[in-house]
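The values are calculated or read from the model by the stated rules, or taken from the named source; none is laboratory data. All of these numbers come straight from a predicted model, not from anything done at the bench. Positions of Cβ are backbone-derived with ideal geometry, glycine not excepted, and every protein chain shown enters the neighbour counts.
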Amino acid sequence: MSVKGLNDVIINPIVGRITSSNGRISIFPNHSWDIKIDTQILANEDKIKEYVTEITKLVHWSFGYKDFQNQLSKDYLSEKGYL
């Protein structure tokens with residue numbers, strides 16, 4: 001998974017039910033993450049949710065947000081229809 005064109009883009013973390021307005025400017029123009037999944041996970045809804053939450057944590061960490069909270073992320077992703 002990758003994103004490009006992030007020069008001077010403000011990256012906002014998930015905080016509660018919204019994203020924070022205290023974002024950080026990306027210092028890298030591009031980011032990429034190796035995403036690997038055991039296809040057996042695809043048959044288990046709870047495991048898929050955990051996997052998506054872990055990917056979200058990885059992305060947050062990559063942008064310098066170390067205080068990621070799994071439940072807040074799950075609630076936010078569910079509210080937005082991603083889980």
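Could you run through region 16-32 and say how many residues are under 23 Å from residue 79 (Cβ atoms) and either exposed (fewer than 11 other Cβ atoms within 10 Å of the Cβ) or modelled with pLDDT of 85 or more (or both)?
5
Quick one: what pairs do we get from region 64-83, first residue among the basic types (Lys, Arg), second at pLDDT 80 or above, C-beta under 7 Å, 6+ apart or different chains?
74/49; 74/53
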